[in-house]
Amino acid sequence: MPRPVGAATFEAPPNIALVKYWGLRDRARVLPYNSSISMTLDRLRSRTTVVFDPRLDDDVVQLNGDPARPGPRTAVVRLLDRVRAMAGVAARARVRSRNNFPTASGLASSASGFAALAGAASFAAGLRLSSAELSRLARFGSGSACRSIFGGFVEWRAGRRPDGGDSGAAPLAPPGHWPTLLDLVVQVRGAPEKEVRSQDAMERTVRTSPAYGRRLAALPRRLEAIRRAIRRRDARSLFPLVMEECDSFREVCETTVPKLDYLTPASRQVLALVRRINAEAGRPVAAYTHDAGAHVHVFVEARDARRVRRRLGEVDGVDRIRSLRAGSGAHRVRAARSA
Ligand code: PMV
């Protein structure tokens, strides 16, 4: 007997990686080579509604008001299939998802989108998963989505076991842990949409970048230092480490064959300006980082935010700057407020 099916809406935030997940030791199980750490962002949200409907012949997937393109559609349908198999549900689904921020350009819409989809699809299918189970499910849509289930500062432990039993995300510190830490999200004009899916891009890096082995060797020490700096709310220690990590990520991307280049000239100017601000002050006032996209995240302490923000705003090609804090994780939204 098929289980009763229904509808659900979930909201989920993007996250910005302080230590990047980049490279899978097992692609089918989505098991990474290295642990990663992120901050979940407040205010930015994906809102996703899933309705299982026995009258449908096929899944219908709408992203930001338009039918999903084949690549994202396939990834959504795969996650739905996984949920159907877990729940014993046969019905096809109608999926509507909206972001309140730009899609696929370094603001991690895949993380928020798949975290919201995992929540909405599993709940609509009658499953009542724990956060850890939801996180494991979201990972199959996009690796970084496993961290967006949780709020605050989050670590996805790579684990060692071949079956992935010891790989999973969990909170390091709650959203209110470090209220004076701000992420100035610097949106640049003309940021291209991603050409290569991250999973394909990172596979290419693992295969071809001569710098990848060195990156992995340096990570345990950096991970531990970043955990400690977050725990102690120590910006002076954290900021140089965040930039070192971002530079390491960019190095393996740029030495990938063919090269992966996510930045625009404006993004590069933002990185240079942050280095200049720190050099002028003689202390780490700010830290830049970026994911696989052109927008740059600049961390600052609240007392320095106005000054840094004004200077970032003067960079040619900077479109918009948002000031975000650590926020809460994915959650269900009551029916009247569907996507
Ligand atoms: O989760 P994916 O497949 O979109 O890959 C994300 C990879 C980075 O954003 C670059 C790093 C990270 O840890 O979020």
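Between R94 and R320, what FRET efficiency follows from the Cβ-Cβ distance if R0 is 45 Å, with the result rounded to 0.05?
Details: r = 32 Å, r/R0 = 0.72.
Taking R0 as 45 Å, the efficiency between R94 and R320 is 0.90.
Judged by the mean number of other Cβ atoms found within 10 Å, the most tightly packed of the peptides 259-270, 299-310, 111-122 leads the ranking 111-122, 259-270, 299-310.
Under unit Cβ charges (Lys, Arg +1; Asp, Glu -1), what dipole magnitude, rounded to 20 debye, does the chain have relative to its Cα centre? Provide the component values of the computation, followed by the final result.
Working: 58 positive and 33 negative charges, 135 e Å.
Charge dipole, the chain, about its Cα centre: 640 debye, nearest 20.
Packing order of peptides 146-153, 34-41, highest average first: 146-153, 34-41 (average count of other Cβ atoms within 10 Å over each peptide's residues). Per residue of the chain, the DSSP helices (runs of n ≥ 4 H) give a summed -39500 (n - 2.57) that works out to -12000 deg cm²/dmol at 222 nm.
Across region 8-18, coupling constants 3J(HN,Hα) worked out from phi with the 6.51/-1.76/1.60 Karplus curve, θ = phi - 60°, read 7, 10, 10, 10, 9, x, x, 9, 10, 7, 7 Hz, and Gly and Pro carry x. Here's the picture: charge each Lys and Arg Cβ at +1 and each Asp and Glu Cβ at -1 in region 181-324, and of V315, L238, V196 the one pushed furthest to the positive end of that dipole is L238.
When the dipole is taken about the Cα centre of region 7-175, and only Lys, Arg (+1) and Asp, Glu (-1) are charged at their Cβ, what size is it in debye, to the nearest 20?
Numbers: 24 positive and 13 negative charges, 33 e Å.
Magnitude of the dipole: close to 160 debye.
The simple spin-label model puts a point 7 Å past each Cα toward its Cβ; for R214 and R311 those points are separated by 2.9 nm. Amide hydrogen proximity for V333: with H placed 1.01 Å from N in the peptide plane, the residues at 5 or more positions away or on another chain lying under 5 Å are T9, F10, E11. Taking amide H as placed 1.01 Å from N in the peptide plane, the amide H of G327 sits under 5 Å from that of T40, L41, D42, G152, each at least 5 places away or on another chain. Taking the Cα centre of region 164-306 as reference, the dipole from Cβ charges on Lys and Arg (+1) and Asp and Glu (-1) amounts to some 400 debye.
Shown for region 7-175: the carbon plus sulfur share of the solvent-accessible area, taken with all protein chains present and a 1.4 angstrom probe, equals 51%.
For the chain, what is Rg from Cα atoms divided by 2.2 N^0.38 Å, rounded to two decimals? Could the numbers behind the result be given before it?
Details: Rg = 19.5 Å, N = 339, 2.2 N^0.38 = 20.1 Å.
Here the Cα radius of gyration is 0.97 times the empirical estimate.
Applying a length cut-off of 20 Å (Cα extent along the axis) and a mean Kyte-Doolittle floor of 0.0 to the DSSP H helices of the chain leaves 70-87, 109-124, 235-254, 265-281. Rounded, prolate or oblate: which fits region 146-208, taking a ≥ b ≥ c as square roots of the Cα gyration tensor eigenvalues, rounded meaning a/c under 1.5, else prolate when a/b beats b/c? Oblate, since a/c reaches 1.5 and b/c is not below a/b. Taking every protein chain into account, the accessible area of region 7-175 amounts to 37 square angstrom per residue (probe 1.4 Å).
The values are calculated or read from the model by the stated rules, or taken from the named source; none is laboratory data. Not measured: the values here are computed from a predicted model. All Cβ positions, glycine included, derive from the backbone under ideal geometry; neighbour counts span all protein chains shown. Surface areas here come from the heavy atoms of the whole protein model, side chains and all, with no ligands, DNA or RNA. Shrake-Rupley method; radii C 1.70, N 1.55, O 1.52, S 1.80 Å.
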